[in-house]
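Colleague: Take this structure first; my questions come after.
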Amino acid sequence: MHGKHKRHRGSALKVLVIALGVFVVIGSGTAFAAYRYDHSTSETIMPGVKVAGVDLGDKTRAEALQLLEGRADERLSGPLVVKAAGNEWTITPKALGVTADVEGAVDEALAVGNDLSFVSRLYHRLWDEPVEGASYKIGFSYDEGAIHDFVEQAYDEVAVDPVDAHISMVDGEIVTEHSREGVALKVDLAAHRVAHALSRHLTEVEIPTKVVEPEVTTASLGETIVVDISANTLQLYDGLKVVREYRVATGTPGHETPVGTFEIVDKRENPTWVNPDPTGWGADLPASIPPGPGNPLGTRAMYLNAPGIRIHGTWSSSSIGTAASHGCIRMLISDSEYLYPRVPIGTPVIVKP
């Protein structure tokens, strides 16, 4: 009886050993299979990993690149409308030198599996369980030089030069021009705005302009003298408005008053007259005449930068309104004395035919 029981215990132990051996064999096989599975899937992206909102789970690197390159190209080819001072330009990020680092984003997605443990990788892959928080963006690079070049081109199209107020002679006629403000882009700020719009993937951006003030406004233009030889008149402008008009005498044939644009370069009260042509038409005149009633320059003289030409008073009031001088512009004594303090050195003098 005792021997029979001993034989039964030996059989049970054998069964247990065999069962354990079977489990070990099965376990070893399962582990090996798990490692082989992990290795075979190491070139694919973990479930739930996203780039630019696209789920790349179980995609290979090549598949992910193909998928994302299309998405990136959509962004790079999408229109950006740039507006400034009523002008519009439609341009693409690609044309502005923007590039997408798709490969870098895919490599980040692939690296997610490397940061997980062996068991965690198996769990996510076998049960198709998404990896939480594994979401990445495509990185974009910006070419500051290309953006700046675009802004410079826009500047050339937008820029309007300011116009100074002025009075000029065109084809023998007097033309008056009011001052006008100009327009220009704020280049650095505009480049910053465009770069910001690109980084935010905006479709429209307004870039700022600035007003460019004229150097000479209508209000600051000051005085201008216009002499009309054909009418023998002198007009005094204050800004663009005629405030005084005088009858004058101008040059005789052969001693014509020069036509053109000049300025007052000197002024004299009670001037001394110096004979300008002692061997010619002034041969019978003294070398000089001091101030006084017989002085050909009267009591006031304003010297132009045309050689020998002055605006001055005359005691010969009967000559006013005629061609009577040797090129100078004569005025009544009272008129010259009124004009003298109102026209500083530098005042433009336009003489029209």
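Colleague: Considering only C-alpha atoms, what is the centroid distance from the stretch 254-271 to the stretch 102-123, in Å?
Modeller: That distance is 91 Å.
Colleague: Here's a follow-up. Rounded to whole Hz and in sequence order, give me ³J(HN,Hα) for the stretch 110-121 from the Karplus expression 6.51 cos²θ - 1.76 cosθ + 1.60, θ = phi - 60°, writing x for Gly and Pro.
Modeller: 5, 6, 4, x, 5, 8, 9, 6, 4, 5, 5, 4
Colleague: Here is a further query. Across the stretch 223-352, how large is the tail of the calculated P(r) beyond 19 Å, expressed as a percent of all Cα pairs?
Modeller: Working: 3645 of 8385 pairs.
I get 43 percent for the Cα pairs in the stretch 223-352 exceeding 19 Å.
Colleague: Moving to a separate point now. Per DSSP H run of n ≥ 4, the term is -39500 (n - 2.57); total these for the chain, divide by its residue number, and report the mean residue ellipticity at 222 nm rounded to 500 deg cm²/dmol. Show your work: numbers first, answer last.
Modeller: Values: 7 runs with 110 residues, N = 353.
Mean residue ellipticity, 222 nm, calculated: -10500 deg cm²/dmol.
Colleague: For HIS196, HIS312, which order do you get if you count the other beta carbons within 10 Å of each Cβ and list the fewest first?
Modeller: Values: HIS196 11, HIS312 25.
Ordered by Cβ neighbours within 10 Å, fewest first: HIS196, HIS312.
Colleague: Here's a follow-up. For the chain, take the longest principal axis of its alpha carbons; what is the angle in degrees between that and the long axis of helix 144-158, to the nearest 10 within 0 to 90?
Modeller: 40
Colleague: Can you give the relative contact order of the chain as a percent, counting alpha carbon pairs under 8 Å and 6+ residues apart? Kindly include the intermediate steps, with their values, before the conclusion.
Modeller: Numbers: 657 pairs, mean separation 45.9, N = 353.
Relative contact order comes out at 13 percent.
Colleague: Helix 61-77 sits at what angle to the longest principal axis of the chain, using alpha carbons and giving 0 to 90 degrees rounded to 10?
Modeller: Value to nearest ten degrees: 20.
Colleague: Over all Cα pairs of the chain, how is the pair count split among 10 Å bins, expressed in % and running from 0 up to the last occupied bin?
Modeller: 5, 15, 13, 9, 8, 8, 8, 7, 6, 6, 5, 3, 2, 2, 1, 1, 1, 0
Colleague: While we're looking at this one, here's another question. Find how many whole Å separate the alpha carbon centroid of the stretch 165-233 from the alpha carbon centroid of the stretch 302-335.
Modeller: One Cα centre to the other: 38 Å.
Values in this text are rule-based calculations from the coordinates and carry no lab data. If you're wondering where the values come from, they're calculated on a predicted model, not measured in any experiment. With ideal geometry, Cβ positions are generated from the backbone for all residues, glycine too; neighbour counts draw on all protein chains shown.
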